[in-house]
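Mind looking over this structure? Questions follow.
Taken together, the values in this text are just the output of simple stated rules run on the coordinates, not laboratory data. Keep in mind that what you see is a predicted model, and the values were worked out from it rather than measured. Backbone-built Cβ (ideal geometry, glycine too); neighbour counts: all protein chains shown.
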Amino acid sequence: MEIYLIRHTKTVAQTGLCYGRTDLEVGDDFLAEAKKIKTKLPEFENSCVIYSSPLQRCQKLASYFGNANLIDERLQELDFGDWENCLFDDLPSEDVANWTENFVTCSPPNGESFSNLVQRVDEFWQMLLSQNTQTVFIVTHAGVIRALLAIILQLPLKNAFQFQVDYGSVHKLRYVDGYTYVAYLNH
């Protein structure tokens, strides 16, 4: 199975906005970005399965690749709870510092920790591996991609943010005979 992890394109978010589950619209350059991403992917075939986060910034890109998209709630970005749609500079600095130092187990108020995100993403991953699919596109978010890479490589979760995950980036995995290979990252 060939698996392409695809981060959504840029959004309309202003710099410094805390958003995970906030359902932001894509930016003005969506079409140009989507065309560029498509050149990094194999030709879409009917045997290809496209999974998407339910958020519109992912669904719009998934729909650009093909019409038969499977929406999966587990592919949503980290839930920042009360911090959603707030500027980081407007949040209590000591709370943000504590979360930054302990993001694996600490969650923003009424949000989720990174380990919670990893747990739901791992459930999705195990389901995916049980499928008999040749090619899979997963249109999702940076946090989900980092979580998947940490799961696959069995990394300590605190190291997951060492992966650079650009907007519109493609990360290719290959699952063969019960083993996952990383073909390339952040392409």
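Among the lysines, select those whose C-alpha is under 23 Å from the C-alpha of LYS35, and discard any that sit fewer than 8 residues away in the same chain.
Counting by Cα, and skipping residues close in sequence, LYS35 has these lysines nearby: LYS10, LYS60, LYS172.
Going by Cα centres, the stretch 5-60 and the stretch 115-187 are how many Å apart?
The stretch 5-60 and the stretch 115-187 have Cα centres separated by 16 Å.
So how tilted is helix 56-65 from the main axis of the chain? Cα-based, degrees 0 to 90, rounded to 10.
Computed tilt is about 10 degrees.
Among the aspartates and glutamates, which fall within straight-line cross-link reach of LYS40, defined as a Cα-Cα distance under 17 Å, with same-chain neighbours fewer than 8 residues apart omitted?
GLU2, ASP166
Turning to a different aspect of this structure: List every residue whose amide H lies under 5 Å from the amide H of SER169, counting only residues 5 or more places away in sequence or on a different chain, with H placed 1.01 Å from N in the peptide plane.
ARG7
Send over the semi-axes of the stretch 92-187's equivalent ellipsoid, whole angstrom and largest first, taken as the square roots of 5 times the C-alpha gyration tensor eigenvalues.
Semi-axis lengths for the stretch 92-187 are 27, 14, 12 Å.
Take the Cα coordinates of the chain, assign each an equal point scatterer, and use the Debye formula without solvent to give log10 I(q)/I(0) at q = 0.15, 0.17 Å⁻¹.
So the normalised log intensities are -0.88, -1.12.
Please list the non-local residues whose amide H lies under 5 Å from the amide H of THR11, H modeled 1.01 Å from N, same-chain partners needing a gap of 5 or more.
Amide H neighbours of THR11: GLY27.
How would LEU41, LEU78 line up from fewest to most surrounding beta-carbon atoms within 10 angstrom?
In increasing order of surrounding Cβ atoms, one gets LEU41, LEU78.
While we're on this one: Considering amide H positions built from the backbone, and no H for Pro or chain starts, which residues 5 or more places from TYR19, or on another chain, come under 5 Å of its amide H?
Under 5 Å from the amide H of TYR19 lie the amide H atoms of ASN85, each far enough along the sequence or on another chain.
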